[in-house]
1. Would you mind finding the one in 236, 190, 226, 220 that is open to solvent by 30 Å² or more (accessible area, probe 1.4 Å) and within 24 Å of the chain's Cα centre (by Cα)?
2. Within the group 133, 97, 120, which residue is surrounded by fewer than 24 Cβ atoms within 10 Å (Cβ to Cβ) and of a type outside the set (A, V, I, L, M)?
3. Only one of these conditions is not met by residue 190: (1) among the polar types (S, T, N, Q); (2) part of a loop (DSSP other than H, G, I, E, B); (3) under 28 Å from residue 125 (Cα atoms). Which number is it?
4. Any residue in segment 256-268 that's under 12 Å from residue 38 (Cβ atoms): show its pairings with residues that are of a type in the set (Phe, Trp, Tyr) and open to solvent by less than 20 Å² (accessible area, probe 1.4 Å) at Cβ separation under 9 Å, as long as the two are six or more apart or on different chains.
5. Is it the case that segment 140-153 has a residue that's surrounded by 10 or more Cβ atoms within 10 Å (Cβ to Cβ), touching a residue at least 40 places away in the same chain (Cβ under 8 Å), over 27 Å from residue 331 (Cβ atoms) and not acidic (Asp, Glu)?
6. For segment 160-187, give me each residue that is over 15 Å from residue 384 (Cα atoms) and part of a helix (DSSP H, G or I).
7. Got a sec? Which of 124, 175, 134, 180 is charged (D, E, K, R) and free of Cβ contacts under 8 Å to residues at least 60 places away in the same chain?
8. Output the residue which, of all residues in segment 61-77 that are on the phi > 0 side of the Ramachandran plot and open to solvent by less than 60 Å² (accessible area, probe 1.4 Å), is farthest from the chain's Cα centre (by Cα).
Amino acid sequence: MTIRDVYIVDAVRTPIGRFGGALAGVRPDDLAAHVVRALVERTPELDPARIDDVYFGDANGAGEDNRDVARMAVLLAGLPVSVPGATVNRLCGSGLEAVIQAARAVALGDASVILAGGVESMSRAPWVLQKPERAFPAGHQQLYSTTLGWRMTNPAMPPEWTVSLGEGAELVADRHGVTREQQDAFALASHQKAAEAWAKGRYDGEVVAYPGADLTRDESIRDDTSLAALARLKPSFRTEGGTVTAGNASPLNDGAAALLITDEEGLRATGREPLARVRASAVTGIEPQLFGLGPVEAVRRALAKSGRGFADLTVFELNEAFAAQSLGCLAEWPELDPAVVNPRGGAIAIGHPLGASGARLAGAVAHQLAEAGSGTGLAALCIGVGQGLALVLER
């Protein structure tokens, strides 16, 4: 079997909205449809009927994103009904998982043109009610929020596995001796880099605003924050000796992202020059409570598969679920130059709409490689319940 080269032709995303913010009134299937439509419109030479499939990541799927949000996006975007769609879930890695699965299908010759991306509306994630054990219960019933984290946990799970995400970040901070001051400094740098990138127009080529929503820039960026302001925030998860706060963690967000992925034949049909080529990917598992360190081994394996090393990296987009876990990962890659990591800010400032984040990272790497003209890029995320996912691109 011949393995085909896989190209990322284009990548778009919405501005990322705050929880309850400018995108809270937009359904997740409409957010997904918007980036699908925008991606197709930016490549007018491509006949939409040539799209073989659409893969979308979605971490929740419990509300308006139910019933296969990828297929809903195809229909709502006005693509031909012959274009199918599949939704994938690897929690925080869902959007990157969609990109990797699409690239794999193209590499194996199962498809020539695929759209891949991710979506999440954490604002609109519903409460859910379990069915009672028996009919007509007389007592009160419990609602569970599906916005984030464990719910309806299986009692067979060891309790050390099912700690909150924030406590998991605290455990990583404990393991690597990451201080509150280091976390706050990392968070401040994320906001500063993101604000500067927006001011310099670095995101103009990839962000497509949602029509009717008053949002043209990522809504969680705090231009005016400072170390003093971050230091005033109380720990969110540990009352005694805690270091993780709302200021040095990613917020809750809404948004969508999508990429156009092709082989050589599909690339010719677009009439465009690709942004980057897919080189390798890897996924790994780790103890669930240490999920924040999930990318450590995944990144090493992806680089080894690609025949590249940390010294070869032009850009590395590492999802900032928490400053503590990002710093923990960086501590385990001593050969990595931190200057190439998240040069335009990360999720602490930009936001982390779960199912969309991985696609956002892959798109950001592709655009930055295209601007550089050549090089190797890496996108990676930690994933709740203990996984790591990484993708290597090159140009």
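The values are calculated or read from the model by the stated rules, or taken from the named source; none is laboratory data. Predicted model, so just to flag it, every value in this text is computed and none were measured. Cβ coordinates were reconstructed from backbone atoms using ideal geometry, including for glycine residues, and neighbour counts include every protein chain displayed. These area figures cover heavy atoms from the full protein model, side chains too; ligands, DNA and RNA do not enter into them. Shrake-Rupley method; radii C 1.70, N 1.55, O 1.52, S 1.80 Å.
1. Within the list 236, 190, 226, 220, the selection yields 236.
2. On the way: 97 fails: surrounded by fewer than 24 Cβ atoms within 10 Å (Cβ to Cβ); 120 fails: surrounded by fewer than 24 Cβ atoms within 10 Å (Cβ to Cβ).
When all the criteria are applied, what remains is 133.
3. Single failed check for residue 190: (2).
4. Listed pairs, sorted by first residue: 256/56; 258/56.
5. yes
6. Taking segment 160-187 first, the residues over 15 Å from residue 384 (Cα atoms) are 173-187.
Of everything in segment 160-187, those that are over 15 Å from residue 384 (Cα atoms) and part of a helix (DSSP H, G or I) turn out to be 173, 174, 175, 176, 180, 181, 182, 183, 184, 185, 186, 187.
7. One residue alone meets the criteria, 134.
8. Within segment 61-77, the match that is farthest from the chain's Cα centre (by Cα) is 68.
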